[in-house]
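Student: Provided herewith is a single structure, encoded as structure tokens, for subsequent inquiry.
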Amino acid sequence: MTEVWEIAVTDTSRIRDAARAASEAARVVGLDASRTAAAVLTASELATNMCRYAGGGRFLAETAREPWGASRALQLVALDHGPGIENVPRALTDGFTGHPDSLGTGLGACLRAADFFEVQSSPGRGTVAVARFALPTDRERFTGPTVTGGLHVPLNGAALSGDALAFRNDRGRRTVMLADGLGHGAAAAQASELAARLVLGRGGDPPETLLRDMHEALRRSRGAAVAVADIDESHRRLTFCGVGNVGARLYHGGRWRTLTSRPGIVGAFALRTPSPQRHGWEPGDMLVLHTDGLPSRWTPDGVERLVAHDAAVIAAVVFRDAGSAARPLRDDTGVAVATHTVRPDGGDR
Ligand SMILES: [Mn+2]
């Protein structure tokens with residue numbers, strides 16, 4: 001199940017809590033001592049920066065499956081509504097002694113410590129930083145033009161997310177799934193985890209087949225709303241199928257469209273398998289799936305300009321900009337993102 005450690009970094013006393021959360025999450029992932037130390041250092045730096053320059057923020061540690069497939073990695077996300085960083089590349093350079101409103105040298109240390117580290121900042125709106133850590137044997141990344149990732153934010157800082165993301169790569173066929181287990185807490189997490197395991201356990205099946213089989217697999221669970229997208233990279237085609245209330249937005253052909261799901265609950269007694277919707281999948285395109293923790297009036301305008309960023313960074317920006325420090329969540333929030341980048345190597349992002 002998707003375990004998440006959330007620390008509201010309201011003052012400097014929470015820096016230690018963020019470091020401890022990173023350490024506990026690293027233990028669950030099974031990181032060695034050196035990777036754990038790197039994660040703890042990064043957590044401290046990120047939390048310190050949020051205190052110092054953003055008036056606090058939200059720190060998340062989760063056991064992510066991305067971008068390393070089924071094997072677990074540790075993903076740290078720092079997210080704030082502060083003034084932002086004007087020049088991110090400069091803030092990542094060591095020795096940079098910024099003016100009082102910008103981030104200091106801590107980000108350079110994060111960049112060296114993490115297996116992956118990326119910062120996105122929108123002056124006036126806030127900053128997002130994502131760091132990932134994995135054991136050396138698990139660092140084989142998905143390759144190809146499509147990049148996937150996301151994040152979980154449980155309601156009220158709960159330890160388990162009722163939402164579950166899953167990603168698969170089968171020789172140019174990419175599967176992106178987001179499940180929202182009914183309600184929240186352990187029973188919701190169990191339902192969405194069953195959906196994630198089904199996706200991770202088999203490859204190459206079309207979304208309607210996955211949903212039909214999920215319906216059987218989730219019969220003894222509480223049930224879930226599920227959206228599945230199948231991306232065929234060589235044919236540049238995206239096939240979407242959804243049941244229940246999971247939001248889906250696709251940026252293709254220069255505009256955003258909403259992909260609609262059929263009402264229902266996967267795992268409940270009657271399910272009419274929805275018919276798949278087919279769309280194009282071209283360089284610069286973006287898919288965003290989100291559960292109902294995001295405000296319904298959320299609009300993706302402008303998010304397409306972030307296409308070159310890591311998918312988890314984009315998911316965190318969507319979460320940051322859809323909410324605010326003042327507006328609490330109403331439910332668990334899960335955001336899954338896929339981008340069609342033009343990078344030929346799919347390499348070290
Ligand atoms: Mn939910």
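Student: Restricting to the range 215-257, name every residue that is more than 20 Å from Pro283 (Cβ to Cβ) and more than 16 Å from the ligand (Cβ to nearest atom).
Tutor: Hits for the range 215-257 are His215, Glu216, Ala217, Arg219, Arg220, Val228, Cys241.
Student: Could you list all residues from the range 209-245 that are over 19 Å from Ala187 (Cα atoms) and not hydrophobic (A, V, I, L, M, F, W, C)?
Tutor: Scanning the range 209-245 gives Thr209, Arg212, Asp213, Asp230, Asp232, Glu233, Ser234, His235, Arg236, Arg237, Thr239, Gly242.
Student: Tell me which residues, restricted to the range 322-340, are at pLDDT 75 or above, more than 16 Å from the ligand (Cβ to nearest atom) and surrounded by fewer than 20 Cβ atoms within 10 Å (Cβ to Cβ).
Tutor: none
Student: Does the range 160-213 hold any residues that are under 18 Å from Ile265 (Cα atoms), surrounded by fewer than 20 Cβ atoms within 10 Å (Cβ to Cβ) and away from the ligand (no atom under 16 Å from the Cβ), and which are they?
Tutor: Arg197, Glu208, Thr209, Arg212, Asp213 - these are the residues of the range 160-213 that are under 18 Å from Ile265 (Cα atoms), surrounded by fewer than 20 Cβ atoms within 10 Å (Cβ to Cβ) and away from the ligand (no atom under 16 Å from the Cβ).
Student: Just name the residue that is nearest to Ala217 (Cα to Cα) out of those in the range 240-259 that are part of a loop (DSSP other than H, G, I, E, B) and under 21 Å from the mean Cα position of the chain (by Cα).
Tutor: So the residue we want is Gly244.
Student: Any chance the range 266-278 includes a residue that's assigned to a loop (DSSP other than H, G, I, E, B), over 22 Å from Thr146 (Cβ atoms), more than 16 Å from the ligand (Cβ to nearest atom) and among the charged types (D, E, K, R)?
Tutor: Yes.
Student: Only strands (runs of 3 or more DSSP E) wholly contained in the range 144-221 count here; list those with 2 or more residues that are under 30 Å from Ile7 (Cβ atoms) and charged (D, E, K, R). Lay out the reasoning, then the answer.
Tutor: On the way: elements: 146-153, 163-170, 173-181.
In the range 144-221, no matching strands (runs of 3 or more DSSP E) lie anywhere.
Student: Condition test on Arg278, is it more than 25 Å from Leu218 (Cα to Cα) and either modelled with pLDDT of 95 or more or out of contact with any Phe, Trp or Tyr (no Cβ under 7 Å at 6 or more places or on another chain) (or both)?
Tutor: yes
The values are calculated or read from the model by the stated rules, or taken from the named source; none is laboratory data. Predicted model, so just to flag it, every value in this text is computed and none were measured. Positions of Cβ are generated from backbone atoms using ideal geometry, with glycine treated the same way; all protein chains shown enter the neighbour counts.
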